[in-house]
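This report refers to the structure that appears directly beneath it.
The values are calculated or read from the model by the stated rules, or taken from the named source; none is laboratory data. Quantities reported herein were computed from a predicted structural model and do not represent experimental measurements. Note that each Cβ is placed from the backbone with ideal geometry, even for glycine, and that neighbours are counted across all protein chains shown. Surface areas here come from the heavy atoms of the whole protein model, side chains and all, with no ligands, DNA or RNA. Shrake-Rupley method; radii C 1.70, N 1.55, O 1.52, S 1.80 Å.
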Amino acid sequence: MYDAHIHLDQYPDVDRSIAQWQEAGVKGVVAVSTNLRSSYDTLLLKQKYPDFITAAIGFHPEEALPSVQDVTEWKSLLLKERSLISAIGEVGLPYYSAFSGGLPSYLPFLEDMMMLANAYELPIILHAVHLGAPIALDLLQKHGVKSAHFHWLKASSAVVKQIVAAGYYVSVTPEVCYRERDQLLAKIVPLSQLLVETDGPWPFDGPFKNRPTSPILLKESILTLSRLLRKPIYEVESYVASNVRELFFCK
């Protein structure tokens, strides 16, 4: 099992957590970042667990736009530590938060991140939901970005089909076990472009209420996908694992 999107730096006892996850059969995680400090922390964890962690650095769009100074330092970090970095993320467009200037103020920054993804030949991990999804898709195509992951996508079936047709990856969270919206999305995305993630430590409801979020929950996501897609469990496991390796160059 590979968790395609987790905020590893937000876990209080990473060493103990990773040991438990590995014992449960988790092969690796894609650790994303939310700001400059988080990017540093993610890369420190990558150095400690090079074979388990795939590192992504970025600025979460549900936070205020970073300062010029932070972006400049972050770009220096990207250049200096390129060998440790497998993706830019997470970045994208705000939907749940209200900032001065609103969504339009984030567009130049997202385009800058996409151009960097091209320059460094890195995939980009996107937080782009609802109205932001088609906008992000248009920008990806405008800049010719080849590899992208729409994490925890929430969009109309028409937009999901466009994202899939463009060759990008889409992930589902444990919500796929109990939300019809996510189950319908999972049926649209080909197995060859589907990823599973937790977005941990974000908490979930349904059967996961009051349970700590960890990559161990992916077992139940994969079981649900097997039933929904009428595919053997081993086939779903094989696809979602190989998709992570293909997108992020995991070994």
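Values as computed for the structure displayed
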quantity: Extension gain from S226 to E81, taking 0.36 nm per residue of separation minus the Cα-Cα distance; calculated: 48.4 nm
quantity: C-alpha center-to-center spacing [segment 215-251, segment 115-186] in angstrom; calculated: 18 Å
quantity: Carbon and sulfur %, accessible surface of the chain computed with the full protein complex present, 1.4 Å; calculated: 53 percent
quantity: Gain in span if fully extended, R179 to A119, counting 0.36 nm per residue against the direct Cα distance; calculated: 17.8 nm
quantity: Candidate residues D13, D3, D112, D51: accessible-area rank, largest first, probe 1.4 Å; calculated: D51, D13, D112, D3
quantity: ³J(HN,Hα) computed for each position of segment 240-246 - Karplus, 6.51 cos²θ - 1.76 cosθ + 1.60, integer Hz, glycine/proline x; calculated: 5, 6, 5, 5, 4, 5, 5
quantity: For the chain, accessible area per residue (1.4 Å probe, heavy atoms of protein chains only), Å²; calculated: 45 Å²
quantity: Label point distance in nm, Y96-L191, each placed 7 Å from Cα along Cα→Cβ; calculated: 3.1 nm
quantity: Relative contact order %, the chain, counting alpha carbon pairs below 8 Å whose residues are six or more apart; calculated: 19 percent
quantity: GNM flexibility winner over the chain from S38, S147, S17 (Cα, springs under 10 Å); calculated: S17
quantity: For the chain, the longest site-free run once chymotrypsin sites (Phe, Trp or Tyr not before Pro) in DSSP loop states with at most 14 other Cβ atoms within 10 Å are removed; calculated: 121-248
quantity: All aspartates and glutamates inside 18 Å of K142 as judged from Cα atoms, apart from same-chain residues fewer than 8 positions distant; calculated: E111, D112, E121
quantity: Sorted largest first, extent of the chain alpha carbons per principal axis (Å); calculated: 48, 42, 32
quantity: Loop trypsin sites (Lys or Arg not before Pro), segment 80-152, which have at most 16 other Cβ atoms in a 10 Å radius of their Cβ (DSSP); calculated: K146
quantity: Under 17 Å from the Cα of K154 - lysines, other chains or at least 8 residues apart; calculated: K187
quantity: Dipole of segment 71-117, positive end: most advanced residue of I88, L78, Y106 [Cβ charges, Cα centre]; calculated: L78
